[in-house]
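A.B. asks: Shown below is the structure under consideration.
The values are calculated or read from the model by the stated rules, or taken from the named source; none is laboratory data. Worth saying up front: this structure is predicted, and the values here are computed from it rather than measured. FYI the Cβ positions are ideal-geometry reconstructions off the backbone, even for glycines, and counts take in every protein chain you see. Side chains are part of the model used for accessible areas, which takes the heavy atoms of the whole protein and leaves out ligands, DNA and RNA. Shrake-Rupley method; radii C 1.70, N 1.55, O 1.52, S 1.80 Å.
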Amino acid sequence: MKLTILQIDAFSEKVFGGNPAAVCRLDQWLPDAVLQSIATENNLSETAYYVEKAPGAYDLRWFTPGVEVDLCGHATLAAAAAIFEDPELKVDILRFSTRSGELRVSRSKFGLSMDFPLTKPIPIPTPPGLFLALGIEAGEVLEADDYVVVVNDESIINGLAPDFVALHAFPKRGIAVTARAKNFDFVSRWFGPRVGVNEDPVTGSAHTWLAPYWSEVLGKTIMTAQQGGVRKGTLVCEVKGERVVISGKAAFYLRGEIEI
């Protein structure tokens, strides 16, 4: 069997930036073990698979090298970029059925815009050992699907060098560390050794809780954001009631075939 594979750099205007994701279109779902094996072989933070149900409507799933996940922003953006490339497609909004419900992606002035459910992170006491594992001295800790650690200086973000073995012990999908910034409204980095991704360059799903947090702090509904360490990407986040619209651009890097 041969499968077409694309590799797309999400949240970037050009290749070698943002967050790379693999995208595979399927005629029907393959066994989960095969989907996981392909994702493990790709060794990217996410591999997205989609099956068309009707023009503009798709089932969508995401796999890290280690597990299937409930929500992934950058691989959704990559999948939408791949689908919108079809010149015969006559719809303006894509609808994806996922483990997190229906997600919609549309073209916008910011590139592609994804409509996600919003989650407000809840302040919690600092889990013992978390700051030590991150290599920081202080911060405010909140909880959503990830731990969110807010620090008071964006220079701390650039200097992070976590102990990934220690971070693996915390019972969360990942840890986002974020700060207010000069050139953007906020910056962040995201670490997820528990799901097989030590550092994800740009994590769209994390902004479904980062955006509402910073919206309240900054008193803004539309914000610019940058995520990443050595490799970075940019996003625009808009809080709209109980939803957050996350926008960015995508660059095509690779087209090929998988033989299984």
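A.B. asks: Here are the criteria: (1) within 26 Å of Ser12 (Cβ to Cβ); (2) open to solvent by 50 Å² or more (accessible area, probe 1.4 Å); (3) of a type in the set (D, E, K, R). Tell me which single one Glu137 does not satisfy.
C.D. replies: (1)
A.B. asks: Okay, next question. Residues being surrounded by 16 or more Cβ atoms within 10 Å (Cβ to Cβ) and under 19 Å from the mean Cα position of the chain (by Cα): count how many of those fall in segment 105-134.
C.D. replies: Result for segment 105-134: 12.
A.B. asks: Could you please tell me which pairs satisfy a Cβ distance under 8 Å, a separation of 6+ or placement on different chains, a first residue in segment 217-229 that is assigned to a strand (DSSP E or B), and a second residue that is loosely packed, with under 15 Cβ neighbours inside 10 Å and not β-branched (Val, Ile, Thr)?
C.D. replies: Gln226/Asn183
A.B. asks: Out of Ile136, Ile156, which single residue is part of a loop (DSSP other than H, G, I, E, B) and aliphatic (A, V, I, L, M)?
C.D. replies: Values: Ile156 fails: part of a loop (DSSP other than H, G, I, E, B).
Residue meeting the stated conditions: Ile136.
A.B. asks: Sticking with this one: Provide a single number: the residues in segment 204-215 that are of a type in the set (Val, Ile, Thr) and either at positive phi or open to solvent by 10 Å² or more (accessible area, probe 1.4 Å) (or both).
C.D. replies: Summing the residues that are of a type in the set (Val, Ile, Thr) and either at positive phi or open to solvent by 10 Å² or more (accessible area, probe 1.4 Å) (or both) in segment 204-215 gives 0.
A.B. asks: What tally of residues in segment 230-242 results from selecting those that are in a strand (DSSP E or B), of a type outside the set (Ser, Thr, Tyr) and open to solvent by less than 80 Å² (accessible area, probe 1.4 Å)?
C.D. replies: Within segment 230-242, residues that are in a strand (DSSP E or B), of a type outside the set (Ser, Thr, Tyr) and open to solvent by less than 80 Å² (accessible area, probe 1.4 Å) number 7.
A.B. asks: Could you list all residues from segment 1-48 that are of a type in the set (Gly, Ala, Ser), closer than 17 Å to Ala82 by Cα and out of contact with any His (no Cβ under 6 Å at 6 or more places or on another chain)?
C.D. replies: Listed by number, the residues that qualify are Ser12, Gly18, Ala22, Ala48.
A.B. asks: If you scan segment 34-70, which residues turn out to be farther than 15 Å from Gly196 by Cα and either outside any strand (DSSP E or B) or of a type in the set (Gly, Ala, Ser) (or both)? Lay out the reasoning, then the answer.
C.D. replies: First pass over segment 34-70, keeping only residues farther than 15 Å from Gly196 by Cα: 34-35, 48-61.
Listed by number, the residues that qualify are Val34, Leu35, Ala48, Ala54, Pro55, Gly56, Ala57.
A.B. asks: Restricted to segment 57-85, and to residues that are more than 14 Å from the chain's Cα centre (by Cα) and modelled with pLDDT under 95, which residue is most open to solvent (accessible area, probe 1.4 Å)?
C.D. replies: Glu85
A.B. asks: Okay, next question. Does segment 246-260 include one or more residues that are at pLDDT 95 or above, open to solvent by less than 20 Å² (accessible area, probe 1.4 Å) and more than 17 Å from Ala80 (Cα to Cα)?
C.D. replies: No: segment 246-260 contains no residue that is at pLDDT 95 or above, open to solvent by less than 20 Å² (accessible area, probe 1.4 Å) and more than 17 Å from Ala80 (Cα to Cα).
A.B. asks: Okay, moving on. Residues to consider are Glu88, Glu102; find the one that is modelled with pLDDT under 95, in a loop (DSSP other than H, G, I, E, B) and more than 26 Å from Val150 (Cα to Cα).
C.D. replies: It is Glu88.
A.B. asks: Next up: Could you check Glu140 against (1) touching a strand residue (DSSP E or B) at 6+ places or on another chain (Cβ under 7 Å); (2) of a type outside the set (Val, Ile, Thr); (3) over 27 Å from Val239 (Cβ atoms) and say which number it fails?
C.D. replies: For Glu140, the failing item is (3).
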